[in-house]
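Report on one structure; see the data block that follows.
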Amino acid sequence: MKGWRPAIIKAALTAVCVVVLGLIQAGFFDRLKVLNCKPELVLCFVIVLSTRLEGLRAGLTGFFAGLYLDIVYGRYIGVYAVLYLVFCAVTSVAAFRASEKHKWVGAAVLPPVFLLYEIAESLLVRIIAVYVAGGGPLYHYGYGRHFAVRILPGAAYNLAAGLAMFLVLLLVRRIMRPRPGIRYRKERNVVIDHA
């Protein structure tokens, strides 16, 4: 049972962070829109975590975070759960192995992931909206204008929030990193330093 305790603590901390970020995202950032976009803090958090998690754990983290958003804030159950699952798994596959050796590889993966997410999310939500409405045009003023007005600002805002979270994650990992201990030999009072 000793091996399960850290995993349960990490899962509980992740869940608390998702809930708190979801509340902040729904409450505070609704009033702080830039170019009619707001950052998706929960998405940024799980994507940044996915740079340090292996595929299955990253996918499950994204799935449950997206399911939480679908249940609490969404109109359609499962849309964000599936989107977060796919993009967390893709991010993990792209960054996990390389980020073990090079800490900054995860930051290089973030721009294309956020851009592709905004494209996929916009298309999927519009398809569902058109289906529910019984038909009609997918984009009222053309995809190029939609891309410039909706997708690029959303991706840029998420990227800024994601990079800030990535830096915080690196700082937390550095603080929490185990330090080599100092041992003393009892017989001679000799210090052995493993640093």
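Looking at this structure, is G22 surrounded by 13 or more Cβ atoms within 10 Å (Cβ to Cβ), in a loop (DSSP other than H, G, I, E, B) and out of contact with any Ser or Thr (no Cβ under 8 Å at 6 or more places or on another chain)?
no
Among the residues that make up region 175-190, is at least one of them in a helix (DSSP H, G or I) and at pLDDT 80 or above? Step through it out loud before you land on a result.
Taking region 175-190 as the starting set, the residues that turn out to be in a helix (DSSP H, G or I) are 175-176.
Still in the list and also at pLDDT 80 or above: 175.
Within region 175-190, one or more residues are in a helix (DSSP H, G or I) and at pLDDT 80 or above.
Hey, E100 hits all of (1) assigned to a helix (DSSP H, G or I); (2) farther than 25 Å from G22 by Cα; (3) touching a helix residue (DSSP H, G or I) at 6+ places or on another chain (Cβ under 8 Å); (4) modelled with pLDDT under 85 but one; which does it fall short on?
Condition not satisfied by E100: (3).
Could you check how many residues of region 111-141 are part of a loop (DSSP other than H, G, I, E, B) and either touching a residue at least 24 places away in the same chain (Cβ under 8 Å) or surrounded by 15 or more Cβ atoms within 10 Å (Cβ to Cβ) (or both)?
Residues in region 111-141 being part of a loop (DSSP other than H, G, I, E, B) and either touching a residue at least 24 places away in the same chain (Cβ under 8 Å) or surrounded by 15 or more Cβ atoms within 10 Å (Cβ to Cβ) (or both): 1 in total.
Identify, by number, the condition in (1) surrounded by 14 or more Cβ atoms within 10 Å (Cβ to Cβ); (2) under 23 Å from I77 (Cα atoms); (3) not β-branched (V, I, T) that A108 doesn't meet.
(2)
Go through region 25-71 and count every residue that is touching an Asp or Glu at 6+ places or on another chain (Cβ under 8 Å) and in a loop (DSSP other than H, G, I, E, B).
Selection size over region 25-71: 1.
V86: closer than 13 Å to T14 by Cα, among the aliphatic types (A, V, I, L, M), part of a helix (DSSP H, G or I) and free of Cβ contacts under 8 Å to residues at least 60 places away in the same chain, yes or no?
So V86 does not fit the description; no.
List pairs: first in region 160-189 and within 23 Å of T91 (Cα to Cα) and of a type outside the set (A, V, I, L, M), second part of a helix (DSSP H, G or I) and at pLDDT 85 or above, Cβ under 8 Å, 6+ apart or cross-chain?
G162/C44; G162/I47; G162/V48; G162/L110; G162/F114; F166/V48; F166/L110
Would you point out the residue of region 38-64, among those that are in contact (Cβ under 8 Å) with a residue 60 or more places away in the chain and β-branched (V, I, T), that is farthest from R173 (Cα to Cα)?
The extreme case among them is I47.
Quick check on G144: is it assigned to a helix (DSSP H, G or I), exposed (fewer than 10 other Cβ atoms within 10 Å of the Cβ), at pLDDT 80 or above and under 30 Å from the mean Cα position of the chain (by Cα)?
Taking the combined requirement at face value, the residue satisfies it.
The values are calculated or read from the model by the stated rules, or taken from the named source; none is laboratory data. Please read all numbers here as calculations on a predicted model, not as lab measurements. Every residue, glycine as well, gets a Cβ built from its backbone with ideal geometry; the counts of neighbours run over all protein chains shown.
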